[in-house]
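Structure record follows, encoded as structure tokens.
The values are calculated or read from the model by the stated rules, or taken from the named source; none is laboratory data. All values reported here derive from a predicted model rather than from experimental measurement. Don't worry about glycine lacking a Cβ; one is built from the backbone with ideal geometry, like all the others, and counts go over all protein chains shown. Ligands, DNA and RNA are excluded from the accessible area calculation, which covers all protein heavy atoms including side chains. Shrake-Rupley method; radii C 1.70, N 1.55, O 1.52, S 1.80 Å.
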Amino acid sequence: MAEEAKPSADGPATEQAGEQEQSIDPWSVSGGADGKIDYNKLLEQFGCSKLTEELVARVERLTGKPAHPFLKRGIFFAHRDLEEILDCYEKGVPFYLYTGRGPSSEALHLGHLVPFMFTKYLQDAFNVPLVIQLTDDEKSLWRGLDIDEARRLARENAKDIIACGFDVAKTFIFSDFEFVGGAFYRNIIRIQRCVTMNQVRGIFGFTPEDNIGKIAFPAVQAAPSFPDCFPHMFGTRKDVRCLIPCAIDQDPYFRMTRDVAPRIGHLKPALIESKFFPALQGESGKMSASDTTSAIFVNDTPAQIKEKITKYAFSGGGATLEEHRSRGANLAVDVPWKYLNFFMEDDVKLAKIGEEYGSGRMLTGEIKKELTTVLTDLVSRHQRARAQVTEDVVDAFMAVRPMHVL
Ligand code: TRP
């Protein structure tokens, strides 16, 4: 098994030698000795391909639309079989998108929005159907969340997801607690039959102390990669390819899926994978919904956003004004700069800020002010969109209804 992954049967992508090697799995992310994540090394450890400039150019050519800033700026940086999806598109062969979220918190933070903003761009650019899995079951198993609480959070999170602008005619959102059954469940069992305890241990690092639900769960996240889980969208077709936009920590699930796929008569899903959105305090990991000072949430007020950026955003600026003016800011560790790279749309303005701030002409206070404006704007736009998402709208996205998407 694990045809495409370097990690051995000894556990997830953690290197054995040296102190503090980076370790990335779906439940925790920690950087190497310097606290940083080495994404090139991760490509190698996971066995994914680099998303090259040529591929991005091909996406632009085929869709006739400018590439999303996340593509141009290398935030989505890795893939598996993206070329094959583009070949399909070029020939007019249909494919669909699959992404998801584990509903562990009331409100999403900015890091959570990244895959959904990107998926929205992909849906529009390629005009394709989309399924979004809410893994309320996963969060009950891992976080010990009460089952009804997990179901409630799934619905709340669905509102934030819908606010990203998805097209209800082409988008099906489902909660595992509601939708597992039928063709979906039959695929789950087909997958479970193919994966042994030793294999999930090798891929995910499970131990004998983990509850048995965790051990079985990866098949639940794998199954939506197969179109016949969704008879109301794809009938019984097995030849509709799947492209999964996600953060790279989800890769282990889909390595497993890709191994199993041909053995149960399915196509392997393709992937397009992002880097992590850094915590306010700096690069060394993902933001955490449980630490409110580590992240900016989509329901923060302008005053909270301003305070968090001013107080907590890690600065790569010089320690003193003289030092800053003479040496400039260290952009490689500067959080305001990193956040602007995610969310400032204007390429020209962004490049100018990089130059000014990197050379020390622009001060930390000034870049933080730019960032405050950008994020306040983004969050208030999101809040306006979310206010439009009524319970009826959620029901419409989550209804199992005939969808004419192919
Ligand atoms: N496990 C993911 C999380 O905890 C949720 C998820 C389910 C997902 N299916 C997915 C993420 C497909 C990306 C792609 O957030």
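Seen from Gly316, the other residues with C-beta closer than 11 Å to its C-beta sum to a net charge of 0, counting Lys and Arg as +1 and Asp and Glu as -1. Phi-derived couplings, Karplus 6.51 cos²θ - 1.76 cosθ + 1.60 at θ = phi - 60°, listed residue by residue for region 164-169: 6, x, 5, 8, 4, 5 Hz, with x used for Gly and Pro. Beyond 23 Å, the tail of the calculated P(r) for region 302-388 holds 23 percent of the Cα pairs. Per residue, the accessible area of the chain comes to 42 Å² when a 1.4 Å probe rolls over the protein heavy atoms. In the elastic network of the chain, a GNM with C-alpha springs shorter than 10 Å, the most mobile of Val195, Val168, Val348 is Val348.
Taking every alpha-carbon pair under 8 Å whose residues sit at least 6 apart, region 302-388 reaches a relative contact order of 32 percent.
Farthest toward the positive end of the dipole of the chain, out of Ser30, Val333, Ala351, is the Cα of Ala351, where the dipole comes from beta carbon charges about the Cα centre. Alpha-carbon geometry of region 98-140: the Rg and the Dmax are 11.6, 35 Å, given in that order. Inter-part distance, region 332-365 to region 181-216, computed on C-alpha centroids, equals 44 Å. First measure r as the distance between the Cβ atoms of Val389 and Trp27, then evaluate 1/(1 + (r/R0)^6) with R0 = 25 Å and state the FRET efficiency to the nearest 0.05. Working from the Cβ atoms, E equals 0.30. Ellipticity at 222 nm from helices only: DSSP H runs of n ≥ 4 in the chain, each -39500 (n - 2.57), divided by the residue count, give -14000 deg cm²/dmol.
Spread over its residues, the convex hull of the C-alpha atoms of the chain is 140 Å³ per residue.
How large, in percent, is the carbon and sulfur part of the accessible surface of the chain at a probe radius of 1.4 Å?
52
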